[in-house]
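Have a look at the structure below before the remarks.
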Amino acid sequence: MDFKNIQAESKAQYEKRLNPDKPVIYVGAATCGMAAGAGELLKMLPDTLKTLNVDAEVIKVGCIGPCCFEPLVDIQKPGKPRISYQSVNPRKLKTILEDYLLKDNPHPELALGIVGDGKLDGIPLFFDHQMLKKQMRVALRNCGFIDPNRIEDYIARGGYTALEKALKMKPEDIIESMKRSGLRGRGGGGFATGKKWDSVRKAEGKIKYILCNGDEGDPGAFMDRSTMEGDPHSILEGMIIAAYAISKGKSPAQGFFYVRNEYPLAVANLLIAMDQARKTGFLGKNIMGSGFDFDVQINRGGGAFVCGESSALMRSLEGRPGEPRAKYIHASDKGLWDQPTNLNNVETYACVPEIINRGPDWFAGIGTKGSKGTKVFSLVGKVKNSGLVEVPMGVTLRDMVFTVGGGIKNDKKFKAIQTGGPSGGVIPEKLIDMPVDFDELVKAGSMMGSGAMIVMDETDCMVDIALYYVKFLEEESCGKCVPCREGLRRMKDILTKISEGKGSMDDVTTLEELGRAMAIGSLCGLGQSAPAPVLSTITYFREEYEAHVKEKRCPAGVCTSLITFTIDPKTCNGCHLCEIHCPTGSAKGEKKKLHTIKQDICIKCGICFDVCNQDAVIKK
Amino acid sequence: MSMVKISIDGRQVEADKGEYLLGVARRNGSDIPTLCHNDQVSPDGRCRLCMCEIRWEPAGRSRLVTSCLYPVDEGLIVETRSDKVMLVRRTVLELLLARNPEADGLSELAKEHGIEKSRYGADTDFGKCILCGLCVRACREVVGVEALGFWMRGVYKKVGPAFAEPSAVCIGCGACAFVCPTGHIVMSESGDERKIWGKSFKMEKCGKCGRFWAPKFELEWMSRKTGVGYEKLTVCPDCR
């Protein structure tokens, strides 16, 4: 069957679902939704629908973004708009199904918004929500809308038209388009994609390898996971276009997905997508009748963070230990098995079809001077609205935190935002009006990284934060080069000392010196950027280090060695809550009388502080 | 191979294009310390002691590179002892001294760089191994056996035969012990027995002088590899 017919058929199928003759129920079933309880909902749906005697179609979709409102269930009745309901649990779902499907009460109070077109009294539009309004979805264009396991859905929304177009273009023109679009690698390095493709194309080799890096491992980052789970074909299409542009007329090409094994749903959905693409003629021999051959395999990462680094990833694919190597000879010349290799991140590939379809100038028209297009961020931490957001480059961090993120949880005070994963820096409030841009973030001592943004409030201790990241990196350092392997360990020791109130200002100086040496002396990006959390917290929050060292005090009340919990005799009403919850029996007292905390057995877990509803527990 | 002109510490020198910087610099009198380098095996860039600061005119922005791995090109300007270079070298030596205070030659090298004692303490549980990987590369590249490798990662990284058990493929040649810069790898011999990495080897007598000189397993392996008869291989290098 030719592409035109496949398209027509897919569109007809998809249109039918948009204007259904029976109710359609969409369940957000990406990992975030499943973790929030979507699995239970999916399990109860068939029985519930049977009891209600309703014939409805249930569709599992990927993550649409606002993870804080998961599980999300959307319901569309014939002739009505698609309504998205938030934080759905089995009881709520039953109520909604009964009242809306049978009695036509849409429960506007439970709804988050209307997805797509249409109006219904009392329910706002989904994309008018504060978290979504500033967004512009390019890489995430289909996530949450399509069933990731149906290639027809992807094709109906314009999928594989870019490939069809690209196969008729000259490879050089595709590369030129990528250059003009200004697309820079979304995995962290920010290298110009068109330039990379160009050098891999020009390099001589028996075969060209086209790799996709899906080994996303930054704490708090899940952009690539959601894309792989929710829209695997967009990545695949980008890879096929890359392979064509790089290898057509030069040498054969072979593709590899490198996906971390902790993403089982992403692996499953990618495998299904690859299978479908092969059957439909988008992958394998003679792609879309163009005479171009290309196929992709999937490799699962063994759980090492460092294997997200390009050269370590290639060693891992070769079956060797995941150790990076110096890049004086580029992977574009000698990469995987010493052949010219192109490695891009999931999100980079996902942008490619849109650039081909809408043109490089459209993409270059979005964003800032040096950073074009949009970027997906996982906005997490102490913000009200957490989840996945895709915004044009250049929005300010303030917009990210206070508009998209809806401000700080529990109306606490904003303290800092950490960008770029574990080896990114911490950006303080005074710099929060700076635009999100590859180069601006580097200037502030942080980096774009893969796009994790962790928001911190006044109850986060910066010494503790630095220690957390250094511990993570110490465990994940491959151990090849000395500054990273040994330096991180010593940084951890020193930070532990400081957090216990045993540090000196000389220790802070040592940290700075060690950090500078690691940044210039380590072999790979992991080691070179590893001191960033330490150096940036010292730069912007020196007074907190001084408080720990000189006053033996943790201003945020986090470092357990430096805080004590006591009970204010004036406020305690003897409600007994602290004693009930205290795990060590250190909070004690008779009912309706003053309670006290025995300091020698208190483990400073802070439960008494959290449960006291009189605010009588004092943390100092 | 075409020749290029580069500048090292202010001296104009010539080198083959693509030649590694470390060799060029050493040949021209620059004293660059290394712990993971040996001319007989491929460079790996593990110890970071050989780092040099490079830049190009007129762009001017300098950066640090591992000279053992850096291919030189026309117009390169190199400083082998800049402030940044010395910061990295001192840091590496101080960190290694804390990890392996007993390692042969390390405290002397540290002293040369002004480090008497490491601020980071002194470990006792890593022996003399600085994880330079010379043994792994010698075994793979020179001997062609691959009996050694790294396992685990980070601080817990270790070097040795697979699963830390006596290796089935080790031929007992001792190249690893020979190349080890810190004396971590111990090879002991008594009578007709050699022990290394927890494996014992029976030794062969030299056909002429009669001393035990090589493991039988090694000579068998050499015979298989080269097609030369075993008997012809039993004469020790001194008697050849």
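See the values below:
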{"item": "The stretch A:147-170 - residue that is surrounded by fewer than 21 Cβ atoms within 10 Å (Cβ to Cβ), more than 26 Å from the chain's Cα centre (by Cα) and of a type outside the set (D, E, K, R) and, of those, nearest to A:A277 (Cα to Cα)", "result": "A:T161"}
{"item": "Matching strands (runs of 3 or more DSSP E) fully within the stretch A:62-164 where at least 1 residues are among the small types (G, A, S)", "result": "A:82-85, A:111-115"}
{"item": "Scan of the stretch A:463-479 for residues that are open to solvent by 10 Å² or more (accessible area, probe 1.4 Å) and at the interface with another protein chain (Cβ under 8 Å from one of its Cβ atoms), ordered by number", "result": "A:E474, A:E475, A:E476, A:C478"}
{"item": "Matching residues, the stretch B:161-183, being at pLDDT below 95 and within 14 Å of another protein chain (Cβ to nearest Cβ)", "result": "B:A162"}
{"item": "Output for the stretch A:243-264, where each listed residue is among the aliphatic types (A, V, I, L, M) and either assigned to a helix (DSSP H, G or I) or open to solvent by less than 10 Å² (accessible area, probe 1.4 Å) (or both)", "result": "A:A243, A:A245, A:I246, A:V259"}
{"item": "From A:G122, A:G144, residue being on the phi > 0 side of the Ramachandran plot and crowded, with 19+ Cβ neighbours inside 10 Å", "result": "A:G144"}
{"item": "Residue match in the stretch B:142-149 (condition: closer than 22 Å to A:V470 by Cα and within 10 Å of another protein chain (Cβ to nearest Cβ))", "result": "no"}
{"item": "The stretch B:182-240, residues that are among the basic types (K, R) and farther than 17 Å from B:C170 by Cβ", "result": "B:K205, B:K208, B:R211, B:K232, B:R240"}
{"item": "Only listed residue being touching an Asp or Glu at 6+ places or on another chain (Cβ under 7 Å), open to solvent by less than 20 Å² (accessible area, probe 1.4 Å) and either of a type in the set (D, E) or assigned to a loop (DSSP other than H, G, I, E, B) (or both), chosen from A:E237, A:E347", "result": "A:E347"}
{"item": "Among (1) closer than 24 Å to B:L95 by Cβ; (2) part of a loop (DSSP other than H, G, I, E, B) - the single one A:G449 does not satisfy", "result": "(1)"}
{"item": "Failed condition for A:Q528, given (1) within 14 Å of chain B (Cβ to nearest Cβ); (2) at pLDDT 95 or above", "result": "(2)"}
{"item": "Some residue of the stretch A:482-498 being more than 32 Å from the chain's Cα centre (by Cα) and either within 14 Å of chain B (Cβ to nearest Cβ) or surrounded by fewer than 21 Cβ atoms within 10 Å (Cβ to Cβ) (or both)", "result": "yes"}
{"item": "Filter result (touching a Gly at 6+ places or on another chain (Cβ under 9 Å) and either without any contact (Cβ under 8 Å) to a residue 24 or more places away in the chain or in a loop (DSSP other than H, G, I, E, B) (or both)) within the stretch A:492-521", "result": "A:D493, A:I494, A:K497, A:A519"}
{"item": "From the options B:R48, B:R99, B:R63, B:R89, residue that is at pLDDT below 95 and within 11 Å of chain A (Cβ to nearest Cβ)", "result": "B:R63"}
{"item": "For A:V267: the one exception among (1) under 30 Å from A:L379 (Cα atoms); (2) open to solvent by 20 Å² or more (accessible area, probe 1.4 Å); (3) not acidic (D, E)", "result": "(2)"}
{"item": "Leading residue by the ranking (most open to solvent (accessible area, probe 1.4 Å)) among those in the stretch B:21-37 that are of a type outside the set (A, V, I, L, M, F, W, C) and within 18 Å of B:S107 (Cβ to Cβ)", "result": "B:T34"}
{"item": "The one condition in (1) touching a residue at least 60 places away in the same chain (Cβ under 8 Å); (2) buried (at least 21 other Cβ atoms within 10 Å of the Cβ); (3) not aliphatic (A, V, I, L, M) that B:G183 fails to fulfil", "result": "(2)"}
{"item": "Number of the condition not met by A:L265 [criteria: (1) under 30 Å from A:L167 (Cα atoms); (2) more than 14 Å from every other protein chain (Cβ to nearest Cβ)]", "result": "(1)"}
{"item": "Residue selected from the stretch A:508-522 under the condition surrounded by fewer than 18 Cβ atoms within 10 Å (Cβ to Cβ) and more than 8 Å from every other protein chain (Cβ to nearest Cβ), by the criterion nearest to A:T537 (Cα to Cα)", "result": "A:E512"}
{"item": "Residues located in the stretch A:209-226, provided they are surrounded by 24 or more Cβ atoms within 10 Å (Cβ to Cβ) and either part of a strand (DSSP E or B) or not aliphatic (A, V, I, L, M) (or both)", "result": "A:Y209, A:I210, A:L211, A:C212, A:N213, A:G214, A:D215, A:E216, A:F222, A:D224, A:R225, A:S226"}
{"item": "Selection status of A:G188, assigned by TED's automatic domain parsing to the domain that holds A:G291, assigned to a loop (DSSP other than H, G, I, E, B) and either β-branched (V, I, T) or surrounded by 24 or more Cβ atoms within 10 Å (Cβ to Cβ) (or both)", "result": "yes"}
{"item": "Of all residues in the stretch B:38-80 being of a type in the set (D, E, K, R) and over 14 Å from A:G521 (Cα atoms), the one that is surrounded by the fewest Cβ atoms within 10 Å (Cβ to Cβ)", "result": "B:R61"}
{"item": "Meets criteria (in a loop (DSSP other than H, G, I, E, B) and within 14 Å of chain A (Cβ to nearest Cβ)) for B:G127", "result": "no"}
{"item": "Test: residue in the stretch B:112-128 that is open to solvent by less than 20 Å² (accessible area, probe 1.4 Å), hydroxyl-bearing (S, T, Y), closer than 25 Å to A:G527 by Cβ and within 18 Å of the chain's Cα centre (by Cα)", "result": "no"}
{"item": "All positions within the stretch B:193-220 that are among the aromatic types (F, W, Y), open to solvent by less than 60 Å² (accessible area, probe 1.4 Å) and at pLDDT 95 or above", "result": "B:F201"}
{"item": "Any chance A:E543 is open to solvent by 40 Å² or more (accessible area, probe 1.4 Å) and not assigned by TED's automatic domain parsing to the domain that holds A:F472", "result": "no"}
{"item": "Leading residue by the ranking (nearest to the other protein chains (Cβ to nearest Cβ)) among those in the stretch B:66-78 that are assigned to a strand (DSSP E or B) and aliphatic (A, V, I, L, M)", "result": "B:L76"}
{"item": "Tally, over the stretch A:523-540, of residues that are over 29 Å from A:S311 (Cα atoms) and open to solvent by less than 20 Å² (accessible area, probe 1.4 Å)", "result": "2"}
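The values are calculated or read from the model by the stated rules, or taken from the named source; none is laboratory data. Remember, predicted model here, so these are calculated numbers, not experimental data. With ideal geometry, Cβ positions are generated from the backbone for all residues, glycine too; neighbour counts draw on all protein chains shown. When the accessible area is computed, the model is the full protein with side chains, heavy atoms only, and any ligands, DNA or RNA have been set aside. Shrake-Rupley method; radii C 1.70, N 1.55, O 1.52, S 1.80 Å.
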